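See structure below.
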Amino acid sequence: MIEKTADLFGESHEEALYFAKSRTIYKETNQGYYLVRGHIAMKIDKEANFAQPLKDILFWLRWTGTPDNQIPCESVLLVGPTCYKATALEFLLPLNRNVYNMTRETQVSELIGSTILSTPSRFDDSIQIINTSIIDALSRIGFQSRQGDEDQLVKDITEALLIQIQQYIITLSAILGIPLILKSIHLPPASVLERLNSLLEDPRSLVFSEDTQQVFNNENILSQVNKSESHSAPISNGFCLCATASEIGKMSMSKPLLARFTCIYANPYNVEIAYNHLLLDKQNENQLDQQENDLIMIAKKITKNNEELIQIIKDIHICMIGAQKKINIIEYIRWCRTATHLCKNQLFKPDKAAGIAALRTILDSLPDNDRRRITKEVLQRYIPDKLSYIVMTDTKDQPVQECPLELVEGQSNNNEKLMISTMSGISIPVHHNAQIEILNSLIWTRSAVDMADAILTSIAAQAITIFEGQPGRGKTAISKTILEALGLRCTRINLSPTATIEDLFGRDMPQASSEGGFVTQFVDGPLTAAMRLSQLDNPDLGLPTQAILIDEINLAPPHLLEALETFMLEMGKEDRFFLPNGKEVNHMPIIIIATLNSAALSKSRSQLSPKLQGASHFFQLPQLSQIELSALAKEFLIDFEQNDDIGIQKKIIKAHHYAAELLQRETGIASERDSITLRELLRLQLFHQKCPKLSTDQLIEIVYATQFNLQKAEQLLKQVGVEQTKGDIIPLAENGNLKFNNQVYLPLPNIISDGPLNIPFTAEQRRVASLIAVGVMAQRPVALFGESGAGKTHIIRTLAKTLGKQLGIVQFNTETDSSAIIGALELLGDSNQEQFIYKTAKDITNNAIDLGYIGSIQLASTALVEQPDIDDILQSLKNITTNHHQNLIGIEKLESDIKQLIEKIINFQKQSARNFVFKEGILLRMMRSGGWILLDGVESAPHEVERLMSLLEEQPTLAIYEGVKPLIFHAPGVTRDGTFSAQIQLDEKEESKTAEKENIEIAEGFQIFITCSDLTKLSPALRSRCFCLQLESAKKADQLKELTSCVFDQSETAQYYSNPFSHILADIFFDIRTKIETRKLLFSKDTFSPHRIVNSAFGIGSEQITAQNLASSIIMSFVRCFSFDPS
């Protein structure tokens, strides 16, 4: 190709090959800075002494500009598996460039714009903001107007903007002449990318789907800027479009689109080298020198030519290669940056800074054995002794450490206080509202101390922290405690497979206007709110005010994870961030900590990108050692009043380990053993506090054995030395309580005579009901597992009815989504006006009742209910005005009030067609009222329950961001997001965007129940947060008869017939089940389980019993479920 190109231009092959094979070098002369390749020198604006691959790519980028201007004149696409593509573009482009990260969900409206729903008055209110923004934008592109022209220009623009096209990143960049970088351009759908074609062609233009040509072709608007009378869409001269893509991404892009770009390949760095020259022959020495020089060049740039630090990094790198640890380029860059921060901000010596940085950026991501080995072989002499001790030993002599974080006085004169890690010596300034005392709530085991030091190191290095480990490991608890101890405002995000970009970043919400129109309002999500609040930070404090804690990050769907990773990587510095919808938000640095379980334990749908893992301090937490587990058990169980404390602890630890092994054997999944976590010990402690009369053996049985079937439970308890509780449990009414035994009881709603209660339960159901009562007493979520038809739902329903509890039920299926559980946006009118209508309807109803108005009964049935419906009220009002006429004193005023209310409702409904509000689902209503919620059959959509993780914890919280303002539910005395009370003042607009939220205390008595047919359908992370119970199915003939009688006795028909009918059903079912093992059911996923006998008993009990009805029910339930076999 090179030779044919040389022939085409009449040049020699030798010179062409020499130029192609040359490497770019950087030269500095008296006349400026140059990039030189072969015989060609390209002038650049600033120093570019980078590693070789970056210098090569800069040369080719500079080639696309002009001799006097280094901004590319062509649309450039950088392709390759590298981390420096955007760095190269940002180096050559001016500081006022725009950078946008594209995702799979990027839409045309987010890039180019869309029309806004608004009213003229709302626009007039924003005119001053528009004026200021336009003047600032013109100033940024160097526009110099003649005296007096500036105001006219602004007026022309604002007049054109009256149709209000919402301009986004590409529109503003093109019109205002701002260079634009589109990262990961290969991710969006092809239909989105094709809309960019007009920007890539010559002459360039911008095409809109909306009819907005008068905005962009109005020659009065930007004619002074463009110096042109053209009627084409104005694309300013300063605009250029650059993009990045991976190699695989390039292949997915269409050929016509690629043909419009100048594509440049970015060669990757090569860091897989051996520094020992003796291992290489002469032929490879030059290559070695070049690679070594590249690494040193990278280190020099990052460390600001700190030669001593660079040499120590090189020495450690050599030793790590000798210890068989390869380091990729992203890890190497993160290592250099962390070491530099520790040298500069912590005033550490280079050897200590490089050693601690290597531990946190490289070794923490390794399995525990490798981490210990390499620390001992390589880093021990570079890191403090205390830190080395924590990393390399099991701390047998001292399983529980002292708190590693201390508060000390700073050296400045402004009363500054510092939190210092006694392990590494890293110190961080704290805010005046720091809550140091909450550190005492943690049990400081070896790994907890290690995690605390890792968090402080990341904060000092302005890096992201990511903890990976088994559920219940303390990842979230330790992180949240340390952030709050520093006085940070901690925003906690619980990710799930159903989370959306709008949930995190915000959404546009059409809202009704008091003037009769409507306006589109952007409602900030939690991440955007944190960015806005960070704008108020004082950089001189040395510590941001905002922190974000992201739980279960790998549960996010892939497209959301892409947007989230981009956000995380950008938050380490002061900058501006373009939201996924194209809106721009300025921000100061924000501290970010993320947690995740392994893929096997969390049923995750996504994997973190190598770039995010390499750019973060990634800590792979080991399993808790036997020593740590014993130490934690001792601390958790310290209030057990027993003589033989050591024996009790050993018995509990033994049960803990054996339960994990048994779960692994039962499921056949090795990782399932990790689903028995610290939460079992916490649950043991909690049950002891809430049910103090339960013995230790009973607690062990309840916490560890009840999640298995009776046979496995007996096996576990026998291994541990605990006698299994046997015998039937008869529920009693005693002193206003529902009593299962002397230790377990729940309050009854009404006074009931003492004595046995005839609750329609089988013996197995009574056993499980007594265990559920323990969970209710301890206020823990209960997960009930068992075969279909075993009676899981029946137990919860019956208990709720007996105890007088309001029960909300969500019946799961494959189509169930969060709207059925939490709620959804609906078209409704103004909420204040809606409440006024409800109040007026109640007043009219009460007045009608007092007057003895005939229609008052019908109206009361709709207006006086707990959750009235406007449509029902309107229909009732219309009916009574049409059908009821009475001559009563005061009737004229009543009928006049009714007519006025009808008119108000009709007007309200017209306005409602333009207004979105969040209508709370059954879960939120139960949380407000203190009722029970049953999530029934969650195996159909288990991912929907993952979002409720924070609600299942010991201190439950739940944040809802779908509405106009966030709803934060929390248990009494618990806060979800830490508040920062520094001396800052928000203006009214910023406060309305970021601070308005409703904090709701979860009502006393609220309880969550989950039913599932298969224990393994739920992730171990979710199961560890629940009190799991296994309900045995009826298998024996006598158990089936008891089950049938229990169901049949609940029917109205049962009182006319005696027991033999239920026995007949049980005998037939038992006989069929023993004979059909080789027969196939009609549906492959169906089972011949007791739910068939339950359905049959309900069917027979609902109608008069005849031979024909009995036979019909048996055929429907027991016969037609099998596929037809002609033989």
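Side notes on the structure shown:
- Region 609-626, subset buried (at least 21 other Cβ atoms within 10 Å of the Cβ) and modelled with pLDDT under 85, residue farthest from ARG97 (Cα to Cα): LEU624
- Residue match in region 461-472 (condition: under 22 Å from ASN494 (Cβ atoms) and in a helix (DSSP H, G or I)): no
- Condition broken by ALA913, with the remaining ones in (1) touching a Ser or Thr at 6+ places or on another chain (Cβ under 8 Å); (2) modelled with pLDDT under 90; (3) not acidic (Asp, Glu) satisfied: (1)
- Within the option set ALA266, ALA274, being at pLDDT 85 or above and of a type in the set (A, V, I, L, M, F, W, C) holds for one residue only, ALA266.
- Restricting attention to region 899-954, the residues that are hydroxyl-bearing (Ser, Thr, Tyr) and without any contact (Cβ under 8 Å) to a residue 12 or more places away in the chain total 0.
- Scan of region 346-373 for residues that are in contact (Cβ under 8 Å) with a residue 40 or more places away in the chain and touching a Lys or Arg at 6+ places or on another chain (Cβ under 6 Å), ordered by number: THR361
- Considered as a group, the residues in region 654-701 that are surrounded by fewer than 22 Cβ atoms within 10 Å (Cβ to Cβ) and among the polar types (S, T, N, Q) include one that is modelled with the lowest pLDDT, and that residue is SER671.
- Residue match in region 594-601 (condition: farther than 22 Å from ILE478 by Cβ and either at pLDDT 90 or above or in the same structural domain as MET419 (by TED's automatic domain parsing) (or both)): yes
- Test for PHE522: is it closer than 30 Å to LEU111 by Cα and outside any loop (DSSP other than H, G, I, E, B): yes
- Of the candidates ALA773, ALA820, ALA778, the single residue that is modelled with pLDDT under 90 and hydrophobic (A, V, I, L, M, F, W, C) is ALA820.
- Apart from one condition, PHE812 fits all of (1) among the aromatic types (Phe, Trp, Tyr); (2) surrounded by fewer than 19 Cβ atoms within 10 Å (Cβ to Cβ); (3) more than 27 Å from MET509 (Cβ to Cβ); the exception is (2).
- Checking each residue in region 331-350 for being among the hydrophobic types (A, V, I, L, M, F, W, C) and part of a helix (DSSP H, G or I) picks out ILE333, TRP335, CYS336, ALA339, LEU342, CYS343.
- Of all residues in region 716-762, those that are of a type in the set (Gly, Ala, Ser) and closer than 30 Å to LYS651 by Cβ total 2.
- Within the option set LEU799, LEU771, being assigned by TED's automatic domain parsing to the domain that holds GLY930, without any contact (Cβ under 8 Å) to a residue 60 or more places away in the chain and touching a helix residue (DSSP H, G or I) at 6+ places or on another chain (Cβ under 9 Å) holds for one residue only, LEU799.
- Within region 373-383, the set of residues being buried (at least 17 other Cβ atoms within 10 Å of the Cβ) and in contact with a helix residue (DSSP H, G or I) (Cβ under 7 Å, 6 or more places away or on another chain) comprises ILE374, THR375, VAL378, LEU379, TYR382, ILE383.
- Region 884-898 residues that are in the same structural domain as TYR853 (by TED's automatic domain parsing), paired with ones that are among the small types (Gly, Ala, Ser) and at pLDDT 70 or above (beta carbon under 7 Å, 6 or more apart): HIS884/GLY855; LEU888/GLY852; LEU894/ALA848
- A single entry from ALA454, ALA529, ALA547 fulfils the requirement of being within 16 Å of HIS587 (Cα to Cα), at pLDDT 95 or above and not charged (D, E, K, R): ALA547.
- The criterion of at least 2 residues that are in the same structural domain as PRO203 (by TED's automatic domain parsing) and closer than 30 Å to LEU196 by Cβ is met by none of the strands (runs of 3 or more DSSP E) wholly inside region 1-80.
Condition check ((1) in contact with a Leu (Cβ under 9 Å, 6 or more places away or on another chain); (2) outside the structural domain of THR338 (by TED's automatic domain parsing)) across all residues:
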site: LEU366; (1), (2): no, no
site: TYR382; (1), (2): yes, no
site: GLU402; (1), (2): no, yes
site: LEU407; (1), (2): yes, yes
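- If you check THR445, THR393 for being in contact with a Gly (Cβ under 9 Å, 6 or more places away or on another chain), hydroxyl-bearing (Ser, Thr, Tyr) and either assigned by TED's automatic domain parsing to the domain that holds GLU484 or over 19 Å from THR465 (Cβ atoms) (or both), only one passes: THR445.
The values are calculated or read from the model by the stated rules, or taken from the named source; none is laboratory data. Bear in mind the structure is a predicted one, so any value in this text is a computation, not a measurement. Quick reminder, even Gly has a Cβ in these numbers, built from the backbone with ideal geometry, and neighbours come from all protein chains shown.
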